[in-house]
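Visitor: Dropping a structure here in structure tokens format, bear with me for questions.
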Amino acid sequence: MSLHTDTARRLRDGMARGVLSFPLTSFDDGGSLDPEGCRAHLAAQLAAGPGALFPACGTGEFFSLDEDEYRVVVRLAVEEAAGRVPVVAGVGYGWAQAARFARIAGEAGADALLVLPHYLVTAPQDGLVAQLAQLAARTPLPLIAYQRGQVAFTADSVRRIAALPGVVGLKDGHSDLDRLQRLTLAAPGDFLFFNGAATAEIQARAYAAVGVPAYSSAVHAFAPEIATAFFAALRDGDTDTTRTLLRDFYVPLVEIRDRVPGYAVSLVKAAARLRGHRVGPVRAPLTDPAPGDLADLAALLTRGLDLVGAGG
């Protein structure tokens, strides 16, 4: 069995078993990387039983890490996972810089790579495909493309990237279900898809209806009790629990998130601090939540934990 096939199998098995964890990157109060904080947070994430770990991605503030810090973050994830779940490291910018991060991730022991949207420019479909082809030619690790922002593949482009050696899946952050359905039908049956929308639980039922039940969960980074309860309810067809958590926790969370740009990461980190995790502040250009927003977040977090019987 090839590395790509084996990793894709492990990811598929993990996606069926639990949510995909996108760990935070811990910084100290001075903004420096805090390796021990990272390690403790990773251990807590793994204890909750995610399907896979995705360190140094969007929630992990990939865009603010230098290469040395990135190496440490990925290595810590690999060490803590110890083979129990796949470790998929984020890479990004243009293909040349992404290849540098890919090499570091491979040296650190990552199993695969999530290719974050490229920097700044809007590109034609041929360029999006070429970006992945250039990276695939420069790393032995399997690649998962991430379409969000200025990256949006057509069905024909998905056929083309699925034919590239090493490209095993796609994370969708657009929530355009008409387009997504076309992409899933264009791809081979073993091509991986998962829901990567911000606060993915909001769209999870709709994604499942078009054949994409797997999803990443930012909530898992601070309240795995809530994230796993929602996953189990959705998997088991427990409509009452699903509706209650959406109405009383996830929708209010999104309403706070939408108040300020960047809160999709900042609120997650703030909530983890409220739970006593040593993750520290966000790095600029993100900002930590304002006091009023933090108070609303704390009240909502208490409510959410109570809903799943994890309060106190």
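The values are calculated or read from the model by the stated rules, or taken from the named source; none is laboratory data. In this text the structure is predicted, and so the values were computed from the model without any measurement. Cβ: placed from backbone, ideal geometry, glycine included. Neighbour counts: every protein chain shown.
Visitor: Condition (residue is more than 16 Å from the chain's Cα centre (by Cα), assigned to a helix (DSSP H, G or I) and surrounded by 15 or more Cβ atoms within 10 Å (Cβ to Cβ)) applied to the range 19-32: is it met by at least one residue?
Guide: No - not one qualifying residue is present in the range 19-32.
Visitor: OK, next. If we scan the range 69-77, do we find a residue that is under 28 Å from Gln150 (Cβ atoms), without any contact (Cβ under 8 Å) to a residue 60 or more places away in the chain and assigned to a loop (DSSP other than H, G, I, E, B)? Even if it seems obvious, please write down each step before you answer.
Guide: Just the residues of the range 69-77 that are under 28 Å from Gln150 (Cβ atoms), to begin with: 69-71, 73-74, 77.
In the following step, the residues that additionally are without any contact (Cβ under 8 Å) to a residue 60 or more places away in the chain were identified as 69-71, 73-74, 77.
Still in the running and assigned to a loop (DSSP other than H, G, I, E, B): none.
There is no residue in the range 69-77 that is under 28 Å from Gln150 (Cβ atoms), without any contact (Cβ under 8 Å) to a residue 60 or more places away in the chain and assigned to a loop (DSSP other than H, G, I, E, B).
Visitor: Just one of Ala299, Ala295, Ala284 is exposed (fewer than 14 other Cβ atoms within 10 Å of the Cβ), at pLDDT 95 or above and in a loop (DSSP other than H, G, I, E, B); which is it?
Guide: Result: Ala284 is the single residue among Ala299, Ala295, Ala284 that is exposed (fewer than 14 other Cβ atoms within 10 Å of the Cβ), at pLDDT 95 or above and in a loop (DSSP other than H, G, I, E, B).
Visitor: Answer yes or no as to whether Thr139 is assigned to a loop (DSSP other than H, G, I, E, B), in contact with a Leu (Cβ under 8 Å, 6 or more places away or on another chain) and either at pLDDT below 95 or among the polar types (S, T, N, Q) (or both). Let's see the steps before the verdict.
Guide: Values: assigned to a loop (DSSP other than H, G, I, E, B): yes; in contact with a Leu (Cβ under 8 Å, 6 or more places away or on another chain): yes; either at pLDDT below 95 or among the polar types (S, T, N, Q) (or both): yes.
The answer is yes for Thr139.
Visitor: To continue, here is another question. Taking into account only those residues within the range 97-122 that are within 27 Å of Ser175 (Cα to Cα) and out of contact with any helix residue (DSSP H, G or I) (no Cβ under 7 Å at 6 or more places or on another chain), which is modelled with the highest pLDDT?
Guide: Within the range 97-122, the match that is modelled with the highest pLDDT is Leu114.
Visitor: Restricting attention to the range 192-225, which residues are more than 19 Å from Asp176 (Cβ to Cβ) and either crowded, with 24+ Cβ neighbours inside 10 Å or within 15 Å of the chain's Cα centre (by Cα) (or both)?
Guide: Residues of the range 192-225 more than 19 Å from Asp176 (Cβ to Cβ): 217-225.
Once the filter is applied, which keeps residues that are more than 19 Å from Asp176 (Cβ to Cβ) and either crowded, with 24+ Cβ neighbours inside 10 Å or within 15 Å of the chain's Cα centre (by Cα) (or both), the range 192-225 yields Ser217, Ala218, Val219, His220, Ala221, Phe222, Ala223, Pro224.
Visitor: Quick one: in the range 142-165, which of the residues that are among the small types (Gly, Ala, Ser) and at pLDDT 95 or above is surrounded by the fewest Cβ atoms within 10 Å (Cβ to Cβ)?
Guide: My answer is Ala163.
Visitor: Residue check, Leu170 against (1) without any contact (Cβ under 8 Å) to a residue 12 or more places away in the chain; (2) within 26 Å of Leu120 (Cβ to Cβ), all met but one. Which one?
Guide: Failing condition for Leu170: (1).
Visitor: Considering only the range 221-265, state which residues are acidic (Asp, Glu), under 23 Å from Val279 (Cα atoms) and touching a residue at least 12 places away in the same chain (Cβ under 8 Å).
Guide: If the condition is that a residue be acidic (Asp, Glu), under 23 Å from Val279 (Cα atoms) and touching a residue at least 12 places away in the same chain (Cβ under 8 Å), then Glu225 is the only one that fits.
Visitor: OK, next. Filter the range 134-185 down to the residues that are closer than 22 Å to Thr199 by Cα, aliphatic (A, V, I, L, M) and more than 17 Å from the chain's Cα centre (by Cα) and list them by number.
Guide: Ala152, Leu177, Leu180, Leu183
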